[in-house]
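As structure tokens, the structure follows; a few thoughts come after it.
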Amino acid sequence: MDTKNFKRCFTMILAGVVALSTLGFAEDETKTKAEKEDEPGIVKRLDTSAEVLNEIMGAPDNGIPDNILGDARCIAVVPSLVKFAIGIGGERGKGVATCRTARGWSAPAPISITGGSWGLQLGGQATDLVMVVMNQKGMDHLLQSKFKLGADASAAAGPVGRHAAAATDWKLKSEVLTYSRSRGVFAGIDLSGAVVKQDKDDTRLLYGKMAPFEDLLRGRVPAPKDSHNFLATLEKYAPPSPAQRSSVENSK
């Protein structure tokens, strides 16, 4: 092949590569935009979190004790935590958190949770998590938008069933009580070492802009309509008492 033909072929190949690269980039951009414009995963996650609460509390003898939910300052639900193993084992999941305010439960704040192997062998099956923040100190850690269970905030597997809480000193020991449900079994779980933080991408999807974590959990941001089902479900199982409303108001 002479030099002229070689240059012509090289130019055509280069043009084809550029065209394919541009097309691929455009497809990626379109896919990302479609994912954002489609019903956000966070909206489905809110409804799934409500379903998790309904299913757990539908079996009161094996669920979270009423007095724990009644005294909770904040609650986070992470449906479908997934176990992974790339060199080392770990878990990752996304969910939502909400805290009590003088006007009821706050607008939900999207969160993510990551950690090393927590001693729970999921066998490839997703697990639902519920974290119950029991006091002001635990709430203060949550409001920081990133904290580590067991290090920044003390955490322990929560008691299960109607009468489980009566025989424990959970209120004095732990800032956060943790629960898991896998294969129909609901029990407390040790999440020491797991990192909980604000999911900024899902926050933007749910609210249309970035909203500070503390503003959401303090009730300074109106709850979006997509969260009403989740908040109504939580209000059904954990309505605040008048004394608790007063305590929340005074802690601001």
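Label positions at ALA102 and LYS209, each projected 7 Å from the Cα along the C-beta direction, are separated by 2.5 nm. Would you grab the residues whose amide H sits under 5 Å from the one on ASN135? Only those 5+ places off in sequence or on another chain, please, with H modelled 1.01 Å from N. Sorted by chain and number, the residues that satisfy this are ARG73. Counting beta carbons within 10 Å around each of PHE230, PHE147 and listing the fewest first gives the order PHE147, PHE230. When each of the peptides 105-112, 68-75, 217-224, 49-56 is scored by how many other beta carbons lie within 10 Å of its residues on average, the order from highest to lowest is 105-112, 68-75, 49-56, 217-224. Approximating the spin labels as points 7 Å out from Cα along Cα→Cβ, the ASP201-to-GLU235 distance works out to 3.2 nm.
With 19 Å as the limit, the listed pairs LYS94/LYS148; LYS146/LYS225; LYS197/LYS236 have LYS146/LYS225; LYS197/LYS236 beyond it between alpha carbons. Distance between the modelled labels on LYS146 and ARG220, one decimal in nanometres: 2.0 nm (7 Å Cα→Cβ projection).
FYI, it's all coordinate maths here, none of it is from the lab. Fair warning: this is a prediction, and the values are worked out from it, not measured in the lab. A quick note on method: Cβ atoms are made from the backbone with ideal geometry, for glycine too, and the neighbour counts reach across all protein chains shown.
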